[in-house]
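Notes follow once the structure below has been shown.
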Amino acid sequence: MNRYRVLVIDDEEDFHDILTQTLTRKGFTLLHAFDGPSGLAAVAREVPDAVLLDLSMPGMDGFEVCRKIRSDPATAGVPVVMLTVRGVERDVIAGLDEGADAYMTKPFDPDALVLRLKSLLEDA
């Protein structure tokens, strides 16, 4: 199986640990960033196969990070999944409007996340 590289951009270290446990067992390799600016630097340094992106973070929110990923020709095609506690409809609409390929809320179903990632990566 191809080990897809997924960049997690989220300010909660515990959440990184949960995703690492969940996704590495399914064959994914995880990269980590803990705020928007370091996430963008990581995307530019080593373009991942996909990005899991929180909305509420210090330095730069997920909407802006997604906009910047989409505006760079080198990263515009990288699938972005917004994975956040913010589940109100206006946030979902805004996230998709900013260019997210999918929007999932925390807490999340691990199997649903894996299926969503595989679907996005195999379609890319």
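Side notes on the structure shown:
- Annotation: amide H-H contacts under 5 Å for residue 4 (H modelled 1.01 Å from N, sequence separation of 5 or more, or interchain): 29.
- Here residue 106 is the anchor, and the aspartates and glutamates within straight C-alpha reach of less than 16 Å, apart from those fewer than 8 places off in the same chain, are 10, 11, 12, 13, 14, 17, 54, 89, 91.
- Karplus-derived 3J(HN,Hα), 6.51/-1.76/1.60, for each residue of segment 88-93, Hz, glycine and proline x: 6, 4, 5, 6, 4, 4
- When only Cα pairs below 8 angstrom with a gap of at least 6 residues are kept, the chain shows a relative contact order of 22 percent.
- Computed extension length for residue 22-residue 114: 32.3 nm, one decimal, from 0.36 nm per residue of separation with the Cα-Cα distance subtracted.
- Answer label, with P(r) over Cα pairs in 10 Å bins from 0, in percent calculated from the coordinates and candidates (1) 14, 48, 34, 3; (2) 11, 35, 32, 17, 5, 0; (3) 14, 52, 32, 2: (3)
- Close amide H partners of residue 35, meaning residues 5 or more places away or on another chain with modelled amide H under 5 Å apart, are 10.
- Entry note, the chain: the mean residue ellipticity at 222 nm calculated from DSSP H runs of n ≥ 4, each adding -39500 (n - 2.57), is -13500 deg cm²/dmol after division by the residues and rounding to the nearest 500.
- In order along segment 52-64, phi translates into HN-Hα couplings of 9, 10, 7, 8, 9, 9, x, x, 5, 7, x, 4, 5 Hz, rounded to whole numbers, per the Karplus curve 6.51 cos²θ - 1.76 cosθ + 1.60 with θ = phi - 60° and x for Gly and Pro.
- You can think of it this way: the chain between residue 90 and residue 3 has 27.9 nm of extra reach, that is 0.36 nm per residue less the Cα-Cα gap.
- Residues in segment 71-80 carry Karplus couplings, in order, of 7, 9, x, 6, 10, 4, x, 6, x, 10 Hz; the curve used is 6.51 cos²θ - 1.76 cosθ + 1.60 with θ = phi - 60°, and Gly or Pro positions show x.
- Residue of 67, 45, 86 that the Gaussian network model of the chain assigns the largest fluctuation, springs spanning Cα pairs under 10 Å: 45
- Extending 7 Å from Cα along the Cβ direction at residue 14 and again at residue 123 yields two label points whose distance is 3.3 nm.
Bear in mind these aren't lab numbers, they're just calculated from the coordinates by the rules spelled out. Just so it is clear, the model here is predicted, and its values are computed rather than measured. Quick reminder, even Gly has a Cβ in these numbers, built from the backbone with ideal geometry, and neighbours come from all protein chains shown.
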